[in-house]
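Below is one structure, written out as structure tokens; comments come after it.
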Amino acid sequence: MNHAPDNRHDIRVVLFDVGGVLVELGGVATLLGWLGARITLPELWSLWLRSPSVRAFETGRIDAGQFAAGVLAELRLDIDAELFLESFTRWPSALYPGALEMIGRIPSHYRCALLSNSNVLHWRRVLDELGLGAIFEHQFASHLMGKIKPDAEAFEHVLESLGCQAAQILFLDDNILNVEAARSIGMRAQLVRGAHEAQCSLQLAGVITAC
């Protein structure tokens, strides 16, 4: 029987998405409620990643007011823009239980980094209030890069900045479009939702050992 070579230990970088992997997104349920039964959660995320208004805001090209007006028009939502922004600002609600402990178990010879589609309303909270800024030396946020997942240039920017090969990166994300995009340029990418699934992927990859 032929076995594929075990190249797990070629991993040099663990690259985390933020929302849905390390941080719970509590306000998404509110948006789904406003939409009624029109779309499912996976359909919402697919629309969100492709939304012109979301992409413009999360690459730093428009302000929050323009973003709100655009999203409400795209989703055909008849609600107040200020109400939408108030809810949207609270989307990053808390770290998943066990997230910090999991990150702390990653051996120091791995480089750990964040790659997030984010914006001015969320990023400071993620780094400061939720504490991820003190943990991750390498932070790649779409609104600061001007590049956004699932576009290849976002992943290529990470490779260039870290000076590593795509196959040396294990990327964990909760959206299949981003996972497939990362795989298309040669990264080892896994679909995970929450810190528990992320931990399981790290164990399977040989990055951390089982408790």
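The values are calculated or read from the model by the stated rules, or taken from the named source; none is laboratory data. In this text, all values refer to a predicted model and were calculated from it rather than measured experimentally. Cβ atoms come from the backbone with ideal geometry, glycine included; neighbour counts cover every protein chain shown.
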- Take the residues in the stretch 86-104 that are surrounded by 16 or more Cβ atoms within 10 Å (Cβ to Cβ) and within 25 Å of Ala68 (Cα to Cα), then tell me which one is nearest to the chain's Cα centre (by Cα). Pro92
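Being part of a loop (DSSP other than H, G, I, E, B) and not assigned by TED's automatic domain parsing to the domain that holds Arg188, is that true of even one residue in the stretch 41-49? Give the derivation first.
Quick first cut of the stretch 41-49, residues part of a loop (DSSP other than H, G, I, E, B) only: none.
No; the residues of the stretch 41-49 include none that is part of a loop (DSSP other than H, G, I, E, B) and not assigned by TED's automatic domain parsing to the domain that holds Arg188.
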- Return yes when Leu41 is hydrophobic (A, V, I, L, M, F, W, C), touching a Leu at 6+ places or on another chain (Cβ under 8 Å) and loosely packed, with under 15 Cβ neighbours inside 10 Å and no when it is not. yes
- Which one of these does Asn178 not meet: (1) modelled with pLDDT of 95 or more; (2) in contact with a helix residue (DSSP H, G or I) (Cβ under 6 Å, 6 or more places away or on another chain); (3) within 21 Å of Leu49 (Cβ to Cβ); (4) surrounded by 20 or more Cβ atoms within 10 Å (Cβ to Cβ)? (2)
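Each row is one residue, and each column tells you yes or no for (1) under 21 Å from Val18 (Cα atoms); (2) without any contact (Cβ under 8 Å) to a residue 60 or more places away in the chain.
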| site | (1), (2) |
| --- | --- |
| Arg50 | yes, yes |
| Glu58 | yes, no |
| Ile62 | no, yes |
| Ile79 | no, yes |
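Does Ile79 fit the bill of being in contact with a Cys (Cβ under 7 Å, 6 or more places away or on another chain), surrounded by 13 or more Cβ atoms within 10 Å (Cβ to Cβ) and either part of a helix (DSSP H, G or I) or not assigned by TED's automatic domain parsing to the domain that holds Ala152 (or both)? Can you show your working first?
Numbers: in contact with a Cys (Cβ under 7 Å, 6 or more places away or on another chain): no; surrounded by 13 or more Cβ atoms within 10 Å (Cβ to Cβ): yes; either part of a helix (DSSP H, G or I) or not assigned by TED's automatic domain parsing to the domain that holds Ala152 (or both): yes.
It is false that Ile79 is in contact with a Cys (Cβ under 7 Å, 6 or more places away or on another chain), surrounded by 13 or more Cβ atoms within 10 Å (Cβ to Cβ) and either part of a helix (DSSP H, G or I) or not assigned by TED's automatic domain parsing to the domain that holds Ala152 (or both).
Kindly indicate whether Leu25 is in contact with a strand residue (DSSP E or B) (Cβ under 7 Å, 6 or more places away or on another chain), at pLDDT below 95 and within 15 Å of Asn119 (Cβ to Cβ).
Numbers: in contact with a strand residue (DSSP E or B) (Cβ under 7 Å, 6 or more places away or on another chain): yes; at pLDDT below 95: yes; within 15 Å of Asn119 (Cβ to Cβ): yes.
Yes: the conditions hold for Leu25.
Run down Val120, Val126, Val207 and say which single residue is among the aliphatic types (A, V, I, L, M), part of a loop (DSSP other than H, G, I, E, B) and crowded, with 18+ Cβ neighbours inside 10 Å. I'd like the intermediate steps shown before the answer.
Values: Val120 fails: crowded, with 18+ Cβ neighbours inside 10 Å; Val126 fails: part of a loop (DSSP other than H, G, I, E, B).
Val207 is the lone residue from the list that is among the aliphatic types (A, V, I, L, M), part of a loop (DSSP other than H, G, I, E, B) and crowded, with 18+ Cβ neighbours inside 10 Å.
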- Task: Quick one: which residue in Leu72, Leu35 is surrounded by 12 or more Cβ atoms within 10 Å (Cβ to Cβ), more than 20 Å from the chain's Cα centre (by Cα) and either assigned by TED's automatic domain parsing to the domain that holds Cys200 or touching a residue at least 24 places away in the same chain (Cβ under 8 Å) (or both)?
- Result: Leu35
